[in-house]
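The values are calculated or read from the model by the stated rules, or taken from the named source; none is laboratory data. Remember, it's a predicted structure, so these values are computed and weren't measured experimentally. Positions of Cβ are backbone-derived with ideal geometry, glycine not excepted, and every protein chain shown enters the neighbour counts.
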Amino acid sequence: MGVGSSAQVLPVDRDDMASCVERLTQLQQKLESAGVWSATEREAVRDALEHSRGVYSMLIEQAPAHRDDLQKLRAELLTDFSRLYESMFLILAKEPGFAEFNTQADRCASNAPQQTPRQETQHLEQLYETGAVSARAPFASLLDAARQKIAGADVSVAPLKKMSRTIEKSLLRPEAERRGEVDGILDVVRGMVTCGSMSELRAALAFFSEADHGWKIVRVKNRFTGERTSGGWADCLLNIVRSDDPHQHICEVQLVHESMLLLRKRLGGHDAYHRYRTADEVLLVISGGADVFAPVRHIPRVSSVLRALGVQGEVDAEPVEGELVTAEPVTAEVVGVQGSSRPGWSAHQNIDMCGQGDVEIIHNWRATHSIEDLQRIVEQKGYSAFTVSSGEPSFDHAALKRFPYQLTAGHCKPITTCCNHPCTIYIWSGGGAAEGPAAEIYKPPGSGATEDGPKLVLTSKGSSSALYFENAAGLHQKGGALLTLRGGNMAVVPRYDYPRDAGEWSYIELGLGPRGMAMRVRLDGEFLVRVHDERVFDIAHWKYKEGNNLVLLRSSTFHPDHTRKAPGGRSFVVNPDGTISPKFAQHLVLGGQQPTFSFVPAESPLVCRFQRAEALAAGKKVPLRLASHPGLAVVQVFDKPREAHHEWHYKTLGIGPASKAVVASRQESFFVDKAGWYVCPSGLKVHKGNHTDLVANRYIHPARIQEEHRKRGEERPLEYEFHADGSVAPASAPHLRLGCSCPPAAAASGKSDGSACCVVS
């Protein structure tokens, strides 16, 4: 991509990079053979980085003058990929095991740390010499074990990532101040597992997530859920770390379906993708990180290519081969209606009804539709609006929406409150008709994101965690009722705004949160339905057992018969006492999950403050009763200890009645109960939302847990700071506090009818 010459030349192939790339190749070969660099060689690596920095800085500076060439190159290459990959994805989505794979991937993702993983160094030479070199051999051994365990899989270990590409990636970051930092490069050590079916891929995922092999998953990037690359490629990336690696070097495993891989090879392999990727990266840099460049579309003949590859299954209709069609770029500010003069429409940027009202999804819409085409569909079908991507991170679909009221921009929320995906929502002034008084006054709830709060679960009828709804009778009415709790200030709310996908299903977990976030719900036959988007309540996996959670669910293919499937875990009855039961397990009712004792932000109202804080800080043994939550205390969720990794006993901590308070004290910087068990973050990881346990070595070796603590270095997971206000903070993360998922106001009510859902006996 030589700026000033041809947009077809890659940066690493420029004449002024040739000697640098050659030297980097020699240095990398030396490291891989000897395992170490000399001081002179390390200096040579740093010199190569500085030389590259000058070349790439010049390229970035001059790139705006070649924007059109870059855009054309990107678009032509992109569309070679996207249409074929999209068609292949639709075939894979119908495979047995597809939904199960995505469900398992979601579970793995939820068990991984929620913060973005980073390498422990920002320096190129350290990333390779101390990190990659030490991780390479154990990683190869892991993949050898995978090869033996995963039937039918093709397992390969790639060479170390070329330093020239690592430099390129680090210097083409949109954030100018971070160019050259390599802590975000997570695939220097990498491998691929290729399987012939989604069921085999599920087995591969199980190996890496469940086997006792000494590695842990720190991130799951599942692109089989619909959030594929801009080119349409789908796979599942696992970032993993060896538990005993002193450098904690992050490696990558790519789980790939062989049909996708075969298609990529047919499209020209890695070189074509590298040219597209580099054009894409440069465009993102000069646009400040926003993907505002619409593609130049050239539709390939999909069916013929797929059949030539021997792919079986239904593919979409054959597109017509034709001339290049140039789409206008999205402007920084939308005024009126983009690309259309149709009356009755308005366009609004970076606000949305995120995850609400979706009735139809058109994937890869730019290949088949214009903005005006989408407007006609909305008008003809009586919908309210549609949302499309207009920035980075991008999404390739158009979400068509319908509401039982006239949608306005005032109903929408900024994207910063939900998904943070730049977008444009097009609203039709003729969309949405009020039906009755309830619809006329109803407004969709604001952000109900309460992932720190307790989940909505099944519990025994008559238990202290059962929920009693004040508007239960109103659920039978056409307009429904707000799902608020009797006698308190809480309600059933979504735990996050933006839906998640699992195969055919789009779902949102349900929980308990502030009354002002209450959803309007109606009982439609045997289905509990959220009024504004027709999502239904669903019992996870249809298992009728205490503690199982509930979600809002809808078929992502928009088959109403699939969403409203009965009889089963979407069937409910409203009881005369204001509780709600599964139709086929009426000994159970909806209830509130026992709140966790976990890490929350220091400014959160969920921070726990202890009654006898001064005595606790002084090292005295005191019951952990809460001044912040009157009547409640830190308690053990279960009495009998459980075993982990053959060496540890643990008892999970939660919030419950003051009469069951754990007795504990401060010992130096540690927090221990009266039996000497340590208050320990789950997995020895300090991060927002992580819960705590009481932990002891099952062989009564008190020093062992402190040994594990010291291995974590600066993270110091077992050390705490005791503050005068009665709160306790992890020593390595003063922005956090020990807290719970129960708002103080709800706890203080002390209701026995379920309004104080945190009180668990």
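For this structure, a couple of remarks:
- Considering the conditions (1) closer than 30 Å to VAL256 by Cβ; (2) modelled with pLDDT of 65 or more, ALA75 is excluded by exactly one of them, (2).
- Only one of the listed residues (SER669, SER727) is of a type in the set (Gly, Ala, Ser), closer than 24 Å to ALA618 by Cα and surrounded by 15 or more Cβ atoms within 10 Å (Cβ to Cβ). That residue is SER727.
- Scanning region 497-528 for residues being among the acidic types (Asp, Glu), at pLDDT 90 or above and crowded, with 20+ Cβ neighbours inside 10 Å gives a total of 0.
- Count - residues of region 356-383 that are in contact with a Ser or Thr (Cβ under 8 Å, 6 or more places away or on another chain) and under 27 Å from VAL531 (Cβ atoms): 6
Residue-by-condition table, conditions (1) part of a loop (DSSP other than H, G, I, E, B); (2) among the aliphatic types (A, V, I, L, M); (3) within 22 Å of GLY54 (Cα to Cα):
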position: PRO113; (1), (2), (3): yes, no, no
position: ALA135; (1), (2), (3): no, yes, no
position: ALA140; (1), (2), (3): no, yes, no
position: SER156; (1), (2), (3): no, no, no
position: THR166; (1), (2), (3): no, no, yes
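- Region 643-654 - residue that is closer than 21 Å to SER741 by Cβ and out of contact with any Leu (no Cβ under 7 Å at 6 or more places or on another chain) and, of those, modelled with the highest pLDDT: THR652
- For region 640-663, a residue qualifies if it is within 20 Å of LEU606 (Cβ to Cβ), in a strand (DSSP E or B) and touching an Asp or Glu at 6+ places or on another chain (Cβ under 8 Å), and the qualifying residues are THR652, LEU653.
- Test for VAL193: is it crowded, with 20+ Cβ neighbours inside 10 Å and in contact with a Lys or Arg (Cβ under 7 Å, 6 or more places away or on another chain): no
- Tally, over region 529-565, of residues that are more than 24 Å from the chain's Cα centre (by Cα) and crowded, with 18+ Cβ neighbours inside 10 Å: 5
- Total residues in region 679-705, condition touching a residue at least 40 places away in the same chain (Cβ under 8 Å), under 31 Å from the mean Cα position of the chain (by Cα) and assigned to a strand (DSSP E or B): 7
- In region 678-714, the qualifying residues are those that are under 11 Å from PHE599 (Cα atoms) and of a type in the set (Gly, Ala, Ser), and the one that is modelled with the lowest pLDDT is GLY689.
- Taken over region 515-548, the criterion of being in contact with a helix residue (DSSP H, G or I) (Cβ under 9 Å, 6 or more places away or on another chain), over 28 Å from ARG223 (Cα atoms) and in a strand (DSSP E or B) is satisfied by ARG520, VAL521, ARG522, LEU523, PHE527, LEU528.
- Any chance ARG710 is over 19 Å from LEU616 (Cβ atoms) and over 32 Å from the mean Cα position of the chain (by Cα): no
- Whenever a residue of region 610-630 is among the polar types (S, T, N, Q), its partners that are part of a strand (DSSP E or B), lying with C-beta atoms within less than 6 angstrom and at least six residues away or across chains, give the pairs GLN611/ARG625.
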